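Step one of this worksheet: look at the structure below.
The values are calculated or read from the model by the stated rules, or taken from the named source; none is laboratory data. Keep in mind that what you see is a predicted model, and the values were worked out from it rather than measured. Neighbour counts run over all protein chains shown; Cβ positions are idealised from the backbone, glycine included.
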Amino acid sequence: AAIGYGGVTATRTVNRIRDEILRNQKANQKNAIDRINEAAERRNKRARHAVHGILVEGLDNCLIKFSRCCTPVPGDSIIGFITRGRGVTIHSKECVNVNASHDPARWVEAEWSDTVNSSYNGSIQILAQDRHNLLADLMSYLSAQKVTVCALNAKVNNNQTCSIELTLQVANKQELDWVIKQIAKRQDTIEIFRV
């Protein structure tokens, strides 16, 4: 009405409305920031939930996968890699992919929780002298040691040797190291190491 009879100019009214809108936006932004900070504080206060025996810094109850390049087991120093759409992949800190990474911002700290699963897959590589029934004897030996073999890949080389990659179910690094020592004692074993 004041604009209509000339008591107030349209420009002055628009400026007042604009100022009022800006004040409301600032108040809403402050409230949103306060809500985000409160949610972050609640997350930090809440006990972190371990998935597969892994605690990932800054993330709670996220999808966890173990890398196939280094197959970490409890006792190894670990680190997590945030993948696109597939959660966090756990690597050993000594893994070549960790050192060769071109995107360091996607790495997050990770650690084993106090309660870990009963078994994890650990991979080892064996170089042995090739002979008749080598794999059958090795599998019998591991069975007698009560070691579960999840996967096996073997290849005969040209120099009368055989390369064998085994994926074993173990509880931790100490158990995997024990298995490696037992296989290293075998007469046909030339070299053995973790993959």
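Odds and ends about this structure:
- Of the residues making up segment 69-80, those that are part of a strand (DSSP E or B) and touching a Lys or Arg at 6+ places or on another chain (Cβ under 6 Å) number 2.
- Residue 76 vs. criteria surrounded by 14 or more Cβ atoms within 10 Å (Cβ to Cβ) and over 10 Å from the mean Cα position of the chain (by Cα): yes
- Test: residue in segment 94-102 that is in contact with a Phe, Trp or Tyr (Cβ under 9 Å, 6 or more places away or on another chain), surrounded by 13 or more Cβ atoms within 10 Å (Cβ to Cβ) and not in a helix (DSSP H, G or I): yes
- Test result for residue 59, surrounded by 13 or more Cβ atoms within 10 Å (Cβ to Cβ), in a strand (DSSP E or B) and at pLDDT below 90: no
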